[in-house]
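Written out below as structure tokens is the structure these notes cover.
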Amino acid sequence: MKKRKRLNILITAGPTQEPLDPVRFISNHSTGTVGYEIAKEAALRRHRVTLISGPTALTPPGGINFIKINTALEMRERLRVLFDGADCLIMAAAVSDFRPERVSKSKISKTGKKALTVRLVRNPDILSELSLKKGGRVLAGFCLETRDVLRKAIKKLEEKRLDLIVASRLSRDNNPFGSGKADFLIADKEKRASMLKGISKKNLSKLLLDKIENLAFNV
Ligand code: CTP
């Protein structure tokens, strides 16, 4: 059997936390499970893995390079440095699209306030930025939608110049957060979509890495 080369795989996972003051932040429900599962599976396949993760309750898998960050801007900075040496980027992180414009140095007190207005500013779209210098790298993104999943997934795949996108629908019957099974789809540049019903995150990771290896090794 032909020996395959080890890929340098960058994976992001978890939410980002955007601080308001020293004790508060804006974030989302991401648990980081998919990104950590992909990192585990990629390490088992003997790839060189760097996992850049927002705050989660998970233990990073062994045999990988683990980097913890809090904010989208920190994640962007780490990726900017590591992207050059990567063969593949898997952006499973739920990056906060907005951050508070101003971070208070001291705890914001309710005393004397009837309401509090917080102005949010856009965070950079990290994946879109990096995809401008894609080169021969394989890029995979994720998206979570409440409706029209396939159409929106293909739109994001095209706009962010991705090779693959993993998409899921958040609904009463389908909860893609956490460690349970859920429905996902993986779409590619030819607009082919594999529908994955009630799949575990471990099996989702295996399928995604199979597709990434096929693209990276041109098979
Ligand atoms: N992403 C990113 N930087 C951001 C937001 C998202 O790199 N500021 C990445 C995510 O990690 C994911 C992909 O882009 O792989 C899609 O994220 P999503 O939030 O669904 O995309 P948006 O274009 O922000 O979607 P929407 O316009 O619906 O908010």
If Ile64 meets every condition in (1) within 27 Å of Gly180 (Cβ to Cβ); (2) of a type outside the set (Gly, Ala, Ser); (3) in contact (Cβ under 8 Å) with a residue 40 or more places away in the chain apart from one, which number is that one?
(3)
Please report, ordered by residue number, the strands (runs of 3 or more DSSP E) entirely within segment 129-219 with at least 3 residues that are surrounded by 13 or more Cβ atoms within 10 Å (Cβ to Cβ) and touching a residue at least 60 places away in the same chain (Cβ under 8 Å).
138-145
Could you tell me which residue of segment 25-55 is nearest to Leu170 (Cα to Cα), considering only residues that are hydroxyl-bearing (Ser, Thr, Tyr) and assigned to a helix (DSSP H, G or I)?
Thr33
Whether any residue in segment 9-23 is buried (at least 17 other Cβ atoms within 10 Å of the Cβ), under 26 Å from Lys206 (Cβ atoms) and small (Gly, Ala, Ser) is what I want to check.
yes
Take the residues of segment 167-189 that are farther than 23 Å from Leu139 by Cβ and hydroxyl-bearing (Ser, Thr, Tyr): which is nearest to the chain's Cα centre (by Cα)?
Ser179
Any residue in segment 63-81 that is farther than 24 Å from Glu159 by Cα, away from the ligand (no atom under 15 Å from the Cβ) and in a loop (DSSP other than H, G, I, E, B)?
yes
When you look at Phe66, is it aromatic (Phe, Trp, Tyr) and within 16 Å of Ala13 (Cβ to Cβ), yes or no?
yes
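Coordinate-derived values only; no laboratory data. For clarity, every value in this text was computed on a predicted model and none was experimentally measured. Glycine gets a Cβ as well: all are built from the backbone with ideal geometry, and neighbour counts include every protein chain shown.
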